[in-house]
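The block underneath contains the structure these notes are about, expressed in structure tokens.
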Amino acid sequence: MDAKMFREFGKAAVDFVADYLENIRDHDVLPSVEPGYMLQQLPKQMPESPEHWQHILADIDRVVKPGITHWQSPNMHAYYPTSVSYPSIVGEMLASGFSVIGFSWICSPACTELEVVVMDWLAKFLKLPAHFLHETEGPGGGVIQGSASEAVLVAVLAAREQAVRRERERRPELSESDIRGKLIAYSSDQSNSCIEKSGVLAAMPIKLLPAGEDLVLRGAALEAAIERDVAAGYIPVICIATLGTTGTCAYDDIESLASVCEAHQVWLHVDAAYAGGAFALDECAELRRGLERVDSLNFNLHKFMLVNFDCAAMWLRDANKVVDSFNVDRIYLKHKYEGHTQIPDFRHWQIPLGRRFRALKVWITFRTLGAEGLRAHVRKHIQLAAQFESLVLADPRFELVAPRALGLVCFRAKGDNEITSQLLHRLMERKKIYMVKAEHGGRQFLRFAVCGMDPKPTDIEFAWREIETQLTALSADQQVETRKAGEIADLTQHL
């Protein structure tokens, strides 16, 4: 493929993507394919001879597109949103074109310095404490990770290594292996699965502490767990709190957790993967309470900031603790600008060596939409969720199971769990909208998250009609089954 053919293919691909996104409501949100569908349609070996791009693009439409779950559809209400926007797509394309591996400043100065700029822009937009800014004198700063999972793992690993060093100095009679065998970490039983996974990868148990009835983890529960573990000879390392839990978007009590962590020299990390976008809104200022006391924080731009996956922001109060934990220098990685006070080598802030030029799509998106456009996008999600909440409250057959939080509404059909389970089954079979089920306190419920590239009030109305219509149909079917069962019972008794 030469430059001429690339221009033709590239323009055709842009048209394909634009047509797809503009007409996404025409597709059922879930695909109608069975496992292995693609394996039957594609050759078992790569082609021996080159194929024309037009044939390839046709196969994308014929083979790939039918197997896509349409995450950008406004009828996607499962999990949390994963953003995309036209400016972000352009930024991704340009980054792919430059194709740099920016693990150090010299490997592409623009890659590192633009990341410093946009991370400070974002920290100010979200009104984070000044010590998280690169421009502030001190050891803090922000970095773009791939996902919240990576950010959490970085925090867990750094906290672990800092704890090992501290304990070796404090208790020289213990070997390093003895110390590592006593380390322990904490989070809520409402936290994301990536937190538990980080403990597996770090070879350090993470205790999932029971949240309160309101699904919030507070300092008292952490204090009790730490006191028990210290008495048993364990060494507390880190607590991972959540602002916007996966199940119900609950917010852990950062202030009380911070007090406990400070008293016991425990690293406090906050996973704000979803709710972090609301930090930018004055009406959600309460969510920022206590952030000046945390050691690290992550927020997914690909959830609320209209930047496509993967793109997760992470801020560190003291980046030196991560650099000291991860630093492995080889002669081929050295350059004469190493150690510059304003310019970090981000390879020391992450798991992999290589780094994508993610800052480019962030920069283009922020400039295209502006702060007011980003705030308006977050507020729109909140308003649409409020619209859905009002529909739930107006129907006596349904009930809320948690307070509405940002763009998430958790609700269920009244009665036993089987009704909610069958309702979801019917909805998934129809494939018009996509939700997932969660459970707390023995009650199953449905999560309705506002998602999609450009959701509108009419999309909320469409989803509600689908839900309430299917509950009506389910109730009618159950009445028929009950009547038939009664008739059979009467006939049996008569015989």
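The values are calculated or read from the model by the stated rules, or taken from the named source; none is laboratory data. Because the structure is predicted, anything quoted here is derived from the model rather than measured. Neighbour counts run over all protein chains shown; Cβ positions are idealised from the backbone, glycine included. All accessible areas refer to the heavy atoms of the entire protein, side chains included, with ligands and DNA or RNA removed. Shrake-Rupley method; radii C 1.70, N 1.55, O 1.52, S 1.80 Å.
Determine the gain in length on full extension of the stretch GLN422-ALA220; use 0.36 nm per residue of separation and subtract their C-alpha separation, reporting nm with one decimal. All intermediate terms of the calculation are to be shown ahead of the outcome.
On the way: separation 202, 0.36 × 202 = 72.72 nm, distance 3.88 nm.
In short, 68.8 nm is gained.
Would you mind putting 184-192, 21-29 in packing order, based on average other-beta-carbon counts within 10 Å, highest first?
Numbers: 184-192: 23.7, 21-29: 15.2.
Order by mean packing, descending: 184-192, 21-29.
If R0 is 45 Å, what FRET efficiency do you get for GLU399 and GLU262 from their C-beta distance, rounded to 0.05?
Values: r = 40 Å, r/R0 = 0.89.
Between GLU399 and GLU262 the formula returns 0.65.
Could you give the nm distance between label points at LEU57 and GLU466, where each point is 7 Å from its Cα heading toward the beta carbon?
The two pseudo-label positions are separated by 3.0 nm.
Run the simple label-point estimate for ALA231 and VAL90 please: 7 Å along Cα→C-beta, distance reported in nm.
Computed distance between label sites ALA231 and VAL90 equals 6.3 nm.
Once fully extended, how much extra length lies between ARG171 and CYS284, figured as 0.36 nm per residue of separation less the alpha-carbon to alpha-carbon distance?
Numbers: separation 113, 0.36 × 113 = 40.68 nm, distance 4.44 nm.
Taking 0.36 nm per residue and subtracting the Cα distance, the gain is 36.2 nm.
Heavy atoms only, probe 1.4 Å: what % of the accessible area of the stretch 162-304 goes to carbon and sulfur, would you let me know? Intermediate results must be reported in sequence, preceding the final value.
Details: 2760 of 5560 Å².
Here it works out to 50 percent.
Lysines near LYS207 by alpha-carbon distance under 23 Å, same-chain residues fewer than 8 away left out - which ones?
Leaving aside lysines fewer than 8 places away in the same chain, those within reach of LYS207 are LYS182, LYS197.
Within straight cross-link reach of LYS431, meaning Cα distance under 17 Å, which aspartates and glutamates are found once same-chain residues fewer than 8 apart are removed?
Output for LYS431: ASP26, ASP28, GLU34, ASP459, GLU461, GLU466, GLU468.
Can you tally the net charge around GLY373? Count Lys and Arg as +1, Asp and Glu as -1, for every other residue whose Cβ sits under 13 Å from the Cβ of GLY373.
On the way: positive: ARG367, ARG375, ARG379, LYS380; negative: GLU372, ASP454.
Summing Lys/Arg as +1 and Asp/Glu as -1 gives +2.
Filter LYS11/LYS44; LYS303/LYS456; LYS127/LYS432 down to the pairs with a C-alpha to C-alpha distance above 28 Å, please.
Numbers: LYS11/LYS44 30 Å; LYS303/LYS456 17 Å; LYS127/LYS432 39 Å.
Result: LYS11/LYS44; LYS127/LYS432 exceed 28 Å.
Using the beta-carbon distance between TYR79 and THR458 and R0 = 22 Å, what value does 1/(1 + (r/R0)^6) give for FRET efficiency, to the nearest 0.05?
0.50
Where both residues lie in the chain, what percent of DSSP beta bridges are antiparallel, nearest 5?
Working: 24 of 42 bridges.
So the antiparallel bridges amount to about 55 percent of the total.
Keeping every protein chain in place, order GLU439, GLU115, GLU169, GLU389 by accessible area at 1.4 Å, biggest value first, i.e. largest first. The partial results should precede the final answer.
Working: GLU439 115, GLU115 0, GLU169 155, GLU389 40 Å².
Heavy-atom accessible area, descending, gives GLU169, GLU439, GLU389, GLU115.
Average projected area of the Cα convex hull of the stretch 207-274, in nm²? Please list the in-between numbers first.
Details: hull surface 17.3 nm².
Computed as one quarter of the Cα hull surface, the answer is 4.3 nm².
As a test question: what accessible area, to the nearest 10 Å², does ARG7 have when a 1.4 Å probe is rolled over all protein chains in place?
Counting only protein heavy atoms, ARG7 exposes about 150 Å² to solvent.
In Å³ and rounded to a whole number, note down the convex hull volume per residue for the Cα atoms of the chain.
Details: hull volume 106.4 nm³, N = 495.
Given the Cα convex hull of the chain, per-residue volume reads 215 Å³.
Check cross-link reach from LYS484 to the lysines: straight Cα distance under 29 Å, and skip same-chain residues fewer than eight apart.
LYS414
Might you work out the accessible area of LYS127 for me, using a 1.4 Å probe with all protein chains in place, and round it to the nearest 10 Å²?
Using a 1.4 Å probe on the heavy atoms, I get roughly 90 Å².
Between HIS77, PRO47, LEU94, whose Cα lies farthest towards the positive end of the dipole of the stretch 1-98 when Lys and Arg beta carbons carry +1 and Asp and Glu beta carbons carry -1, centred on the Cα centre?
So the residue we want is LEU94.
Whenever you get a sec, line up TRP464, TRP315 from highest to lowest accessible area (probe 1.4 Å, protein heavy atoms). Before the final figure, lay out each step's value.
Working: TRP464 25, TRP315 0 Å².
If we order TRP464, TRP315 from most to least accessible, we get TRP464, TRP315.
How large is log10 of I(q)/I(0) for the stretch 69-142 at q = 0.14, 0.24 Å⁻¹ when the intensity is taken from the Debye formula with one equal scatterer per alpha-carbon?
For the stretch 69-142 at q = 0.14, 0.24 Å⁻¹, log10 I(q)/I(0) is -0.69, -1.06.
Under a crude label model (7 Å from the Cα following the beta-carbon direction), how far is ALA386 from GLU135 in nanometres?
3.3
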